[in-house]
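Here is the structure we will look at, set down as structure tokens.
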Amino acid sequence: MRLSEDNAIKVVTSGVQSQRAFSVKMDKMTYKLLSDNLYSDKVLAIVREYSTNAADSNIAAGKATTPIQVHLPTRLEPWFSVSDDGLGLSHEDAMLIYPTYFESTKRDSDAVTGCFGLGCKAGFCYVDAFTVESRFNGILRIYACAIDDGMPTISLLSKTHTNRPNGVEVKVPVANQDDISVFKRSAESILPWLNVPVNCNIETTVIRPKANFKGESWALYNTAPGQRGGLYINFGGVLYHIDENHLYNWSLENRS
């Protein structure tokens, strides 16, 4: 659900002597709250944020039937990565929009997830450095995203020509080999519900069931393999659990 200025409450004031808008001070503590402390399940957040971003990019580029590429970590290849063939990032967007918190290009559509510009920074909740590879109009650029003296930074590492289509790959190293199995479990709870096909280096076991009800950008399920029991709604490629007690109470309150 998108925020709408049409629903804003208009406040009329009189006799105001001075006024100033609230602001946010961006410092080390703020960035820690927005990155490290934002997610309770950090591995799940990384899988969800980067896979949904990749799916959204393919959809935005008119490639909803083109698979995204997911690499789950193994002991020989201890990293998680997601690659799409979507819009790609220009150098200007990579340096200005990608590293800016609360800057987003997704606020005008219900067909995609995210609108606060936080998901692409999810890697910082788990590690202090990860890489972003952007293919844009025949140019391949590789960026390093890293914490420098407590503050997140993005740096251009290389620039070469490429024949590959536009797209982005995010690569996050695995901090602890015990997390390898956690990444796989998280992938099994996220990947089957995306709105684009997925190619993965490790076969996942969860199969997406048939929806009970469907809309333009949502689907309702009375069961979800790999999840706890109850109703679920898939909105924009992300699965949300519905508390049936709250749903029942809401129906009673709104019954005519």
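All of the numbers you see were taken from the coordinates with simple rules; none came from a lab. Since the model is a prediction, treat every value here as computed from it, not as a measurement. When we count neighbours, we look across all protein chains shown, and the Cβ atoms used for this are built from the backbone with ideal geometry, even at glycine.
Between residue 33 and residue 220, full extension at 0.36 nm per residue minus the direct alpha carbon distance yields a gain of 64.0 nm. With a Förster radius of 45 Å applied to the beta-carbon distance between residue 41 and residue 142, the computed FRET efficiency rounds to 0.95. The calculated FRET efficiency for residue 243 paired with residue 64, based on their beta-carbon distance and R0 = 22 Å, is about 0.10.
Measuring between alpha carbons in the structure, the pairs from 25/121; 121/214; 42/214 lying more than 22 angstrom apart are 121/214; 42/214.
Rounded to the nearest 0.05, the FRET efficiency derived from the C-beta distance between residue 231 and residue 21 at R0 = 45 Å is 0.65. When the listed pairs 32/171; 63/210; 28/63; 28/171 are checked against a 28 Å cut-off, the alpha-carbon distance exceeds it for 28/63. Between residue 90 and residue 74, the modelled labels are 4.0 nm apart [label points 7 Å from Cα along Cα→Cβ].
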